[in-house]
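Enquirer: There's a structure below that I have some questions on.
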Amino acid sequence: MTVTPLLPKNAPFSPEEIDLLNKVVARTTPQQRSWLAGFFAGFEAAQGSAALPAAAAKPRAPLTILYGSESGNSETLALKAKKIAQKHGLDAKVFDMADADMALLAKAKNIVVYAATWGEGDPPARAIDFYAALMSDAAPRLDGVRFAVLSLGDTAYVHFCAVGKAIDARLEALGGIRAADRIDLDLDFAKQAAVWTEGALAKLAPPEASASGTVVHVDFTGGGYEAEDDEPQFTAEAPLEAEIATLINLNGSGSARETWHVEIATDAAGFSYLPGDAIGVLPENDPELADQVLRAVGLQADGALLLKVLTGYDITTLSRAAVENYAKLTGRADVKKLLEGDAYAKFSFDRQLVDVFEAYPEKLTAEQLLSVLRPLPGRLYSVASSLKAHPGEAHLLVGAVRWASHGKKRKGVASTFFADRRKVGGSARVYVKPNRHFRLPEDGHKPIIMIGAGTGVAPYRAFIEERVELAAKGKSWLFFGERNFTNDFLYQLEWQDHLAAGALSKIDTAFSRDQPEKIYVQHRLWERRAELQSWIADGAHVYVCGDEKGMAKDVDATLVKILAEAAKGDDDAGRAKLKELTKAGRYQRDVY
Amino acid sequence: MTDKRAKNEIIKENSHQLRGTLVEGLLDVATGNIAEDDHQLIKFHGSYIQDDRDVRGERAKKKLEKAFSFMIRLRIPGGLMTPKQWIALDDIASTYANGTLRLTTRETFQYHGVIKSNLKRTMQAINAACLDTLAACGDVNRNVMTAANPHLSAAHKQAYDLGKAISEHLLPQTGAYHEIWLDGEKVEDKSRSAGKGEEPMYGVHYLPRKFKTVIAVPPDNDVDIFAHDLGYIAILDKGELTGWNVTIGGGMGMTHGDLNTFPRTADMLGYCKPEQAVDIAEKVLTVQRDWGNRESRARARLKYTVEDRGLDAYRAEVEKRLGYKLGKPKPFKFSGTGDPLGWRQSLDGKKGEDKPWHLTVFIENGRIKDRAGHTMRSAFREIAELGLCEFVTTSNQNVILSNVTAKFKAKIEAILKAHGVHLDVSSKLRANSMACVALPTCGLALAESERFLPELITALEDGLDKAGLRDDDIVIRMTGCPNGCSRPYLAEIGLVGRNPGLYNLYLGAAFDGSRLSKLYAQDAGKDRIIALLEPIFLAYAQQRKAGERFGDFVIRAGYVKATTAGNQFHADIKLA
Ligand code: SRM
Ligand SMILES: Cc1cc2nc3c(=O)[nH]c(=O)nc-3n(C[C@H](O)[C@H](O)[C@H](O)COP(=O)(O)OP(=O)(O)OC[C@H]3O[C@@H](n4cnc5c(N)ncnc54)[C@H](O)[C@@H]3O)c2cc1C
Ligand SMILES: Cc1cc2nc3c(=O)[nH]c(=O)nc-3n(C[C@H](O)[C@H](O)[C@H](O)COP(=O)(O)O)c2cc1C
Ligand code: SF4
């Protein structure tokens, strides 16, 4: 493709000047442009600044940055990498696997991949097709193509970084040359990812193409994905210490559920979010559990150490990695045995770290203990408020996680941090986790269909509040599911007000345990399919939020059937239609 | 001029024969509530919207509306059920309601806690059991109570048959019930519904107020004959039914502080032959329809029509519509209003052991449920599944396991025992007790009733022991407000809620249900109630004449004056 080298709006000239220059530049040939570049460089040289002539401006090595992302981490890393690539004189294009095509790989010379793993070792939803194609026999040969893979994951999952690993192996199998070793990163990926990216790009960059003094390498390449410039100010690394203003368990007494409405005072410059974003929370551990863990390894729950353990380390998640560390550290044969065959899978089921320490007790020093633990990862919560409706606040909807196993009462760290260990006036460390892939339609007139169960309803509260503030007139339809109508109808009074005011056009509910047969949102979707089909035909955007295993899968399957019926085709036709919607950004999911 | 009619009159008029917007309301899934006007209309269909008053406080904070649910009241004239029906009702209790069956003071069942999304299915399940809820509430003839147990004697069977016949004859005719609940096709004829098309007897306004009919077979006055709008007393000659004494103008409800409202014992209208009874019911009802007060619902019951127009005028109008005169009331004698608990054999028919047996089981305040160690609901279910008997509900909130052949008596006792259901009651006071539902479901409750009376009686039993009265029949009834749902003004000890924890104490009603009580103390809490009653128990034990009833003694001993008529209820009160 030939790009007309128009100066970008951010070029160091006034808009008028940019227009004038572009009038001329637009008609130039490559030779003329090289001459210009050389001329100015030479001119600067003549003025004394030591620099090579324009030779430096020769075409740079192409780099294809590819990412597969669900919640945006890989995407952010990929977009950062693009900026860094400039420095290495690489001509980088960024592609989301969601809208990338195999052909692009065939053409590529240098590839960097940022890949997340989801589900149980699955690729992110939007990357499924690309991933399948890459793994299929139809995948193009990549002889001589140089590549490097960074995989994101969570050691809490059995299939840690499965997708990144598979892609790394596949690229090699197709003839690619590994330019830098793959790295598999846990939830605390930020620092290591930055280091790795620097290293990998340096290796990929052609040696002679390091940046030259004064020929500023401007990025001419559009194409691929252009970032919203929304680098958040508060991050997991630099969170905001915010006060908890409200804490209400929304479930009526007598409910088996416990869902907390949490209002956090986030009135700090630069703390801003959009409906669809998530708020990250760096929780504190349960002191009781911390105490058990410390005592199990023969340590006193001493002030300084305890504080560290409470606020900085993951003392719940039982992971292979942790057991490996513990085995190395203690040199215990029986712990090693745990890692052989399916022993680990057997043991780890429904267990937590403390179980290992208690089952295989060893005296550890504080340092040793900390070396076994991973940093305490933040938890994400879909923001349940519109910043326009609640300036300086962020509302979350947090489902308390509690269960019992192996004779122990277990508590979710972050959810019970709010439910049990924080009171109004207490504080929490929070940050914004943007989600570009769960957004209201630009056009406020577009209808929206919001499907969610349990805490999955959170972002829709934000959506409707936002549309009220924007006086957006588009129709809206909420499908909400929970257990019992009487006690579990989250935000019921607010939905009633929105309905009365016309801010919410329709609501359908599925309460699974109010009657003998179980009724879930997907059943309601099917009952209402005729009307859904016409809404979608009218350009409606469809959203799904909430539990992946429990709901999103079935909703997805039902939408396929509904679209199939509309297309008078089979499930494949439905799937194709759903894909279209996905590509058009009209089918967005926020599932966990 | 302005419309002085009570609001409900206009609601009924505009309801298209009780349809209102019920269908639309059921479809609105955002709320468990229904439209304001429909609150009134759904009563005619046998249901009330309520909310759990125990949790009212927390709901708004939790962004939840009130915990709405529906009470459903069945129509079971005479209260007779087959084992199959019992099983069906038991299923419904756990599938759609709060897991309990609530026997009412009018020989039927109520479910509580049915949420809107289950209302229609519940109605259909009830109808599938060949029962219904039509006219169990509302300004119509309510469920007809008949002397407990059609199987007890030929006369009881005739009372039962009459009750059924009257209930059917006075049933609303609107198609609304079938349309809304049973998906029957629309049969409303708008062109005529302004007239009497769909409801030849009730018209578009139905009655000014509820209308209650009961049938008694002396010597038992279990149905409390004098507490109802219309009553029939069987007149027997050597066990053979010769005809009925007809009573009108009884009722309990009143409003605290409104002296124009008062409980009233029914008057004798006259005597009729068996075959005239149903027609008389229609005429008594239509006179009330035409004469009753449609401006003040507090004064709209038939008892006030009789007060205002006079008994003779009412009788004359009924006779005019009948086209003949009623006979002079025949003598009769009632012994009491309670249920004889335990086993009892049919009074006539077969001889000796072959006569069917009937077991009257005491059910505290009519609440049939399972709790640890006392699984009465399961017991009855087991008995029903074995088909060992029929089931009869009584007007004292009890159940009769009826028509049992001798060889099954032991089996039934064994099952009850196994479920911790004991046939002996802790005291006769408790055996003669009734409490209305009140909190948490009743929207009108001012104080606890069903949840408080049991512990109060336990406390009073000490006093009874001191006086040695544990085995003496004394009737005690409690309500959570002055509406009188457990007929407290006809109890020898009546407790009527005024405020949380505070009750008005009434004494001096006749044991046989023929005389109303009188206010003795106001706003008494638990301790004061006990402090007031214990000395009276002692005095009664020491000073009573042979066979003198507690209700008569308190009058002779001067604790209260006798109430000679309803309009004297508020007269000569001396507060303790
Ligand atoms: C269930 C029952 C009491 C019980 O513990 O068994 C009952 C319960 C209620 N009664 Fe009653 N009444 C019940 C027998 C009575 C009786 C006794 C009787 O009929 O033998 C009376 C006194 C007799 C009479 O009618 O005068 C009675 C007089 C009332 C009144 C006062 C009527 C009046 O004329 O003043 C009301 C309030 C009203 O109608 O406005 C009332 C209203 C109510 C309501 C529906 C409250 C309401 O209107 O919102 C209560 C429902 C409570 C709940 O949560 O279930 N209930 N009610 C009885 C059901 C009878 C049935 O199966 O049909
Ligand atoms: C993008 C995104 C948005 C989210 N939005 C929300 C939201 O709006 N509201 C919300 O409540 N949550 C939301 N979550 C989930 C949330 O981030 C946390 O995962 C959840 O609150 C649990 O965190 P925790 O620290 O309380 O539990 P943890 O300490 O993380 O424990 C959770 C783990 O415990 C184990 N576990 C849990 N239950 C059981 C059980 N019954 N039996 C055995 N093991 C069990 C599982 O391994 C589970 O992974 C979201 C997640 C993502 C990724
Ligand atoms: C529902 C869910 C399932 C996940 N499954 C896995 C998994 O099976 N293996 C793994 O290594 N990581 C798993 N993860 C962790 C993600 O890969 C990790 O959060 C990553 O940073 C997400 O990157 P992204 O934002 O680019 O999608 C899972 C995360 C969630 C929320
Ligand atoms: S007496 Fe009053 S409180 Fe008791 S049930 Fe009747 S209406 Fe409710």
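Enquirer: Taking every eigenvalue of the Cα gyration tensor of the stretch B:195-342, multiplying by 5 and rooting it, what semi-axes result, largest first, whole Å?
Expert: Here the semi-axes work out to 26, 20, 14 Å.
Enquirer: Another question about this same structure. Kindly provide the pair-distance distribution of the stretch B:405-533 built from C-alpha pairs, with 5 Å bins from 0 and whole-percent values in order of increasing distance.
Expert: Binned Cα distances yield the sequence 2, 11, 18, 21, 17, 12, 8, 6, 3, 1, 0.
Enquirer: Tell me, what is a quarter of the convex hull surface for the C-alpha atoms of the stretch B:424-495, in nm² with one decimal?
Expert: Computing the convex hull of the Cα atoms and averaging its projections yields 4.6 nm².
Enquirer: Return the subset of A:Lys506/B:Lys66; A:Lys203/A:Lys308; A:Lys87/A:Lys191; A:Lys93/A:Lys433; B:Lys369/B:Lys409 for which the Cα-Cα distance in this structure is over 26 Å, preserving the input order.
Expert: Correct reply: A:Lys203/A:Lys308.
Enquirer: Separate question: Per residue of the stretch B:217-228, in order, report the coupling 6.51 cos²θ - 1.76 cosθ + 1.60 (Karplus, θ = phi - 60°) as ³J(HN,Hα) in whole Hz, putting x for Gly and Pro.
Expert: 10, x, x, 7, 10, 4, 7, 6, 3, 7, 9, 10
Enquirer: Over chain B, what is the relative contact order in percent, taking alpha-carbon pairs closer than 8 angstrom and at least six residues apart?
Expert: 12
Enquirer: Using alpha-carbon pairs under 8 Å, 6+ residues apart, how would you state the relative contact order of the stretch B:488-576 in percent?
Expert: Over the stretch B:488-576, the number comes to 30 percent.
Enquirer: Quick check on the exposure proxy: order A:Lys80, A:Lys328, B:Lys545 from fewest to most C-beta atoms within 10 angstrom.
Expert: B:Lys545, A:Lys328, A:Lys80
Enquirer: In vacuum, with every alpha carbon of chain B counted as one equal point scatterer, what does the Debye formula give for log10 I(q)/I(0) at q = 0.08 Å⁻¹? Two decimals, please.
Expert: With one equal scatterer per Cα and no solvent, log10 I(q)/I(0) is -0.52.
Enquirer: Given 37 °C and 0.692 mPa s, how large is the Stokes-Einstein diffusion coefficient of the stretch A:423-550 in µm²/s, with Rh as the Kirkwood radius over Cα pairs?
Expert: It diffuses with D of about 209 µm²/s by this estimate.
Enquirer: Please compute the Kirkwood hydrodynamic radius of the protein assembly as shown from all pairs of different C-alpha atoms, in Å with one decimal.
Expert: 36.1
Enquirer: Would you pull out the residues with amide H under 5 Å of B:Ala521's amide H, same chain only if 5 or more places away, H placed 1.01 Å from N?
Expert: Under 5 Å from the amide H of B:Ala521 lie the amide H atoms of B:Leu505, B:Ala576, each far enough along the sequence or on another chain.
Enquirer: Let me ask something else about it. Name the residue from A:Ser505, A:Tyr520, A:Leu559 whose Cα lies farthest towards the positive end of the charge dipole of the stretch A:497-589, charges +1 on Cβ of Lys and Arg and -1 on Cβ of Asp and Glu.
Expert: A:Leu559
Enquirer: Let me ask something else. Working from the pairwise distances between different alpha carbons, so that the mean of 1/r is found and then inverted, what is the stretch B:352-399's Kirkwood radius in Å?
Expert: One over the average 1/r among Cα pairs gives 12.1 Å for the stretch B:352-399.
Enquirer: Taking N as the number of residues in the stretch A:228-312, what value does Rg over Cα atoms divided by 2.2 N^0.38 Å take?
Expert: Cα-based Rg divided by the globular estimate yields 1.47.
Enquirer: Can you tally the net charge around A:Leu289? Count Lys and Arg as +1, Asp and Glu as -1, for every other residue whose Cβ sits under 12 Å from the Cβ of A:Leu289.
Expert: My count for the surroundings of A:Leu289 gives -2.
Enquirer: Sort the stretch B:91-164 into rounded, prolate or oblate with this rule: let a ≥ b ≥ c be the square roots of the eigenvalues of the Cα gyration tensor; rounded if a/c is under 1.5, and if a/c is not under 1.5, prolate when a/b is larger than b/c, oblate otherwise.
Expert: It is prolate, given that a/c is not under 1.5 and a/b is the larger ratio.
Enquirer: In terms of the ratio Rg/(2.2 N^0.38 Å) built on C-alpha atoms, what value belongs to the stretch A:493-577?
Expert: 1.20
Enquirer: Here's a follow-up. Can you give me the three principal axis dimensions of the stretch A:93-169 from its C-alpha atoms, in Å, biggest first?
Expert: Its Cα atoms span 37, 24, 21 Å along the three principal axes.
Enquirer: How large is the helix-only mean residue ellipticity at 222 nm for the protein assembly as shown, computed as the sum of -39500 (n - 2.57) over DSSP H runs with n ≥ 4, divided by its residue count, in deg cm²/dmol to the nearest 500?
Expert: -10000 deg cm²/dmol
Enquirer: Using only the Cα atoms, work out Rg/Rh for chain A, with Rh taken as the Kirkwood radius, to two decimals.
Expert: 1.00
Enquirer: Could I ask something else about it? On the first, second and third principal axes, largest extent first, how far apart are the outermost C-alpha atoms of the stretch A:60-115 in Å?
Expert: So the three principal-axis extents are 31, 25, 12 Å.
Enquirer: Based only on other Cβ atoms within 10 Å, what is the fewest-to-most ordering of B:His256, B:His156?
Expert: With the sparsest Cβ surroundings first, the list reads B:His256, B:His156.
Enquirer: Non-local amide H neighbours of A:Thr246 (under 5 Å, H modeled in plane, Pro and chain starts lacking H): which ones?
Expert: Amide H neighbours of A:Thr246, under 5 Å, 5+ apart: A:Glu263.
Enquirer: Antiparallel DSSP bridges in the protein assembly as shown: what percent, to the nearest 5?
Expert: Expressed as a percentage, antiparallel bridges in the protein assembly as shown total about 60.
Enquirer: A further question on this structure: How much net charge surrounds A:Leu396 when only other residues with a Cβ under 11 Å from its Cβ are counted (Lys, Arg +1; Asp, Glu -1)?
Expert: Local net charge: 0.
Enquirer: Could I ask something else about it? Which angle between 0 and 90 degrees, to the nearest 10, do you get for helix A:30-46 versus the longest principal axis of chain A when only C-alpha atoms count?
Expert: 90
Enquirer: Using only alpha carbons, build the gyration tensor for the stretch B:465-569 and give me the equivalent ellipsoid semi-axes, biggest first, whole Å.
Expert: Here the semi-axes work out to 21, 17, 12 Å.
Enquirer: Now for a different question. Quick check: convex hull of the Cα atoms in the stretch B:517-576, volume per residue, rounded to a whole Å³?
Expert: 85
Enquirer: Grab the alpha carbons of the stretch B:307-350, take their convex hull, and tell me the volume per residue in Å³.
Expert: Measuring per residue, one finds 180 Å³ for the Cα hull of the stretch B:307-350.
Enquirer: Any idea what the relative contact order of the stretch A:265-410 is, in percent, if you count C-alpha pairs under 8 Å spaced at least 6 apart?
Expert: Over the stretch A:265-410, the number comes to 37 percent.
Enquirer: Which percent, to the nearest 5, of DSSP beta bridges fully inside chain A are antiparallel?
Expert: DSSP beta bridges in chain A are roughly 40 percent antiparallel.
Enquirer: Taking other Cβ within 10 Å of each residue's Cβ, how do B:Ile415, B:Ile573 sort, fewest first?
Expert: The order, fewest Cβ neighbours first, is B:Ile573, B:Ile415.
Just so you know, all these numbers are worked out from the coordinates, no wet-lab data involved. Note that the structure is predicted; figures quoted are calculated from it, not measured. Note that we place each Cβ from the backbone using ideal geometry, even for glycine, and neighbour counts take in every protein chain shown.
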